[in-house]
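Q: Structure incoming, see below.
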Amino acid sequence: MPTPDPTRVIIFDTTLRDGEQSPGCSMTPPEKLRLAKALADLGVDVIEAGFPAASQGDWESVQTIAREVHGPIICGLARCNRDDIDKAYSAIKDAPRHRIHVFLATSAIHREHKLNMAKNEILKAAVEGVRYAKSLCADVEFSPEDASRTELEFLAEVVSAVIEAGATTVNCPDTVGYTTPIEYAELFGYLKQHVKGIENVVLSVHCHDDLGMAVANSLSAVHAGARQVECTINGIGERAGNCSLEEVAMALKTREGFYGLHTGIQTTRLYPTSRLLSTITGMMVPRNKAIVGENAFAHESGIHQHGMLKHHSTYEIMRPQDVGLSRTNLVLGKHSGRHALRDRIKDLGYELSEADLNRVFTDFKALADKKKELFDGDIEALVLRAGEHAEGPWALEALWTSATSGAIASAVVRLAHKDGRVVEQGATGDGPVDSAFKAIESVTGTAVKLRSYEVRSVTEGEDAQGEAIVNVLYNERSYRGAALHTNIIEASAHAFLEAINQILSSRSLARPAHAQLSADSNSVQANP
Ligand code: KIV
Ligand code: ZN
């Protein structure tokens with residue numbers, strides 16, 4: 001069904017499916033739930049919560065989100081076969097509003113090299129998949145994967161057939177980020193001219209960013225009549241990523257006079273949601289990223305600063321407050337009370353439960369003892385870490401390091417185990433961080449491969465807190481740890497231990513490796 005308001009653009013968020021599928025962005029089930037709740041607060045219309053057939057873990061996460069997240073339509077992805085569709089339906093059915101999203105590739109390249117199927121077989125499988133999904137669920141979306149490289153005539157034939165079979169939304173993905181704004185608008189124009197019944201469905205876009213055109217292509221399709229945009233927070237996703245939600249939402253808002261369209265996004269939630277995702281995944285937003293990058297509203301040059309002082313509209317087309325960036329220069333310190341902290345947290349756009357506020361208040365007091373002044377960045381970092389304490393068997397009680405230029409560095413760690421053991425262990429290495437990591441590996445009996453290690457300061461100033469993010473590989477799975485500390489070596493050791501704790505905790509609950517939508521995984525069953 002088309003949207004009752006023709007000027008309303010549906011925002012379909014796929015951060016938890018297409019975004020989570022990309023390397024370095026995997027999330028644990030509690031992290032997915034936390035993000036899904038934030039997406040609901042942000043005002044997205046549809047949450048694609050996952051690909052339930054990929055693994056039992058994915059199925060469970062989708063079901064939890066369907067049961068616990070209120071507001072948006074909860075959607076599950078399925079290939080065109082009964083088993084996938086059943087799994088998607090059983091995972092989403094408890095959400096008051098739910099959708100099955102069925103996909104099948106249609107381009108010649110995919111037909112020949114991936115699926116080994118002829119056009120008539122694709123057509124038949126697509127129709128049968130949609131018909132079966134429709135027998136379970138009224139709201140069915142169909143995606144002809146690689147639509148932008150599909151012969152237009154064949155694409156129109158498939159789209160007509162799936163509409164006839166009951167699809168209510170038809171999404172035409174630019175799966176490999178190949179199209180251009182003009183070409184993509186022409187594709188939608190062609191479908192509108194050649195597909196019977198197209199006025200009865202919502203047309204959707206789904207763009208990847210391989211040539212850096214995902215947002216431009218999505219907006220061009222919207223201009224040509226599409227009314228659903230599939231996108232992700234911070235633009236995370238396969239390869240170069242997906243269309244960025246915050247950029248599309250702010251483009252439609254800022255240029256409303258041009259597009260004449262609007263979304264249901266609460267734009268003041270954009271920045272907090274972006275920060276939440278980067279804290280959860282450890283994938284930092286580039287400083288110059290539009291809308292949510294650290295420099296997005298910074299004015300450095302003298303001429304710009306002069307203009308801004310005269311009137312902000314000289315160099316600013318959006319206000320930082322519009323996207324939820326309401327930083328101040330006000331500082332809190334060790335004499336600030338719980339009320340002042342709660343108010344500042346609220347001003348920064350975060351809502352905390354009483355238990356989380358207590359935890360943040362304790363951390364705040366501890367930090368204020370070390371650091372005289374606490375800035376907004378410090379408080380935000382404490383808030384974002386509030387729900388993040390991974391339970392694990394080991395805790396770091398003490399750390400000693402020594403490093404002199406020209407000499408081998410060393411570290412000693414004292415770790416306490418939940419079972420009561422306390423172990424002290426030393427190691428040498430190439431610098432104090434390497435030594436501390438080796439000592440931790442030795443005590444915990446867990447050797448890992450370090451994939452990435454980053455440290456950044458969360459505010460300005462010599463006594464700023466450092467945030468360390470560590471990504472390690474163990475048995476071909478990656479694990480992440482993150483920690484904050486005014487001493488970056490301690491932050492690094494805590495982050496590394498958090499990753500090891502996750503390995504130790506998940507050993508007994510081993511879950512199959514995340515199934516990717518790889519070439520051979522898109523098969524359709526002979527008898528869907
Ligand atoms: O990029 C793509 O084609 C997809 C589909 C599954 C919609 O992610
Ligand atoms: Zn995609």
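Q: With both bridge residues required to lie in region 109-268, what share of the DSSP beta bridges run antiparallel, to the nearest 5%?
A: 10 percent
Q: If you don't mind, there's one more thing I want to ask. Tell me, what % of the accessible area of the chain is carbon and sulfur with a 1.4 angstrom probe?
A: The value for the chain is 51 percent carbon and sulfur by accessible area.
Q: Follow-up. Can you tell me the 0 to 90 degree angle between the C-alpha axis of helix 376-385 and the longest principal axis of the chain, rounded to 10?
A: 70 degrees
Q: Taking θ = phi - 60°, what integer Hz values does the Karplus form 6.51 cos²θ - 1.76 cosθ + 1.60 yield along region 486-494, in sequence order, with x for Gly and Pro?
A: Here the 3J(HN,Hα) series is 6, 9, 5, 6, 5, 4, 5, 5, 5 Hz.
Q: Can you tell me what share of the DSSP beta bridges in the chain is antiparallel? A percent to the nearest 5 is fine.
A: Around 50 percent antiparallel, to the nearest 5.
Q: Any idea of the accessible area per residue across the chain, 1.4 Å probe, to the nearest Å²?
A: For the chain, the per-residue accessible area is 44 Å².
Q: Please give the Cα centre distance for region 201-234 versus region 71-133, rounded to the nearest Å.
A: First find each Cα centre; the distance between them is then 20 Å.
Q: By its C-alpha gyration tensor, with a ≥ b ≥ c as the square roots of the eigenvalues, how is region 125-242 shaped: rounded for a/c under 1.5, else prolate for a/b larger than b/c, else oblate?
A: Taking the square roots of the gyration eigenvalues as a ≥ b ≥ c, region 125-242 is prolate.
Q: Would you mind classifying region 183-256 by shape? Square roots of the alpha carbon gyration tensor eigenvalues, ordered a ≥ b ≥ c; an a/c under 1.5 is rounded, otherwise it is prolate if a/b is larger than b/c and oblate if not.
A: Since a/c reaches 1.5 and a/b is larger than b/c, the shape of region 183-256 is classed as prolate.
Q: Now a separate question. With a ≥ b ≥ c the root eigenvalues of the C-alpha gyration tensor of region 243-353, is it rounded (a/c under 1.5), prolate (a/b larger than b/c) or oblate?
A: The shape class here is oblate.
Q: Out of residues 5 or more away from Gly237 or on other chains, whose amide H comes under 5 Å of its own, with H placed 1.01 Å from N in the peptide plane?
A: It is Asn242, by chain and number.
Q: Let me know the Rg and Dmax you get for the chain when you use only its Cα atoms, in Å.
A: 24.9, 76
Q: With everything on Cα atoms, drop me the angle between helix 214-223 and the longest principal axis of the chain, reported from 0 to 90° to the nearest 10.
A: 40 degrees
Q: Sorted from largest down, give the three principal axis spans of the alpha carbons of region 326-385, whole angstrom values.
A: Per principal axis, max minus min of the Cα coordinates gives 26, 24, 19 Å.
Q: Please compute the Kirkwood hydrodynamic radius of region 10-281 from all pairs of different C-alpha atoms, in Å with one decimal.
A: 18.2 Å
Q: How big is the gap, in Å, between the Cα center of region 2-30 and the Cα center of region 365-413?
A: Going from one Cα centre to the other spans 34 Å.
Q: Here's something else I'd like to know. When all protein chains stay in place, what accessible area (Å², nearest 10, 1.4 Å probe) is found for Ile236?
A: 10 Å²
Q: Now, a different point. How much of His206 can a 1.4 Å solvent probe reach, expressed as accessible area in Å² and rounded to 10?
A: 10 Å²
The values are calculated or read from the model by the stated rules, or taken from the named source; none is laboratory data. It should be emphasised that the depicted structure is a prediction, and the values quoted were computed from it without experimental measurement. Note: accessible area is taken over every heavy atom of the protein model, side chains too, but ligands, DNA and RNA are not part of it. Shrake-Rupley method; radii C 1.70, N 1.55, O 1.52, S 1.80 Å.
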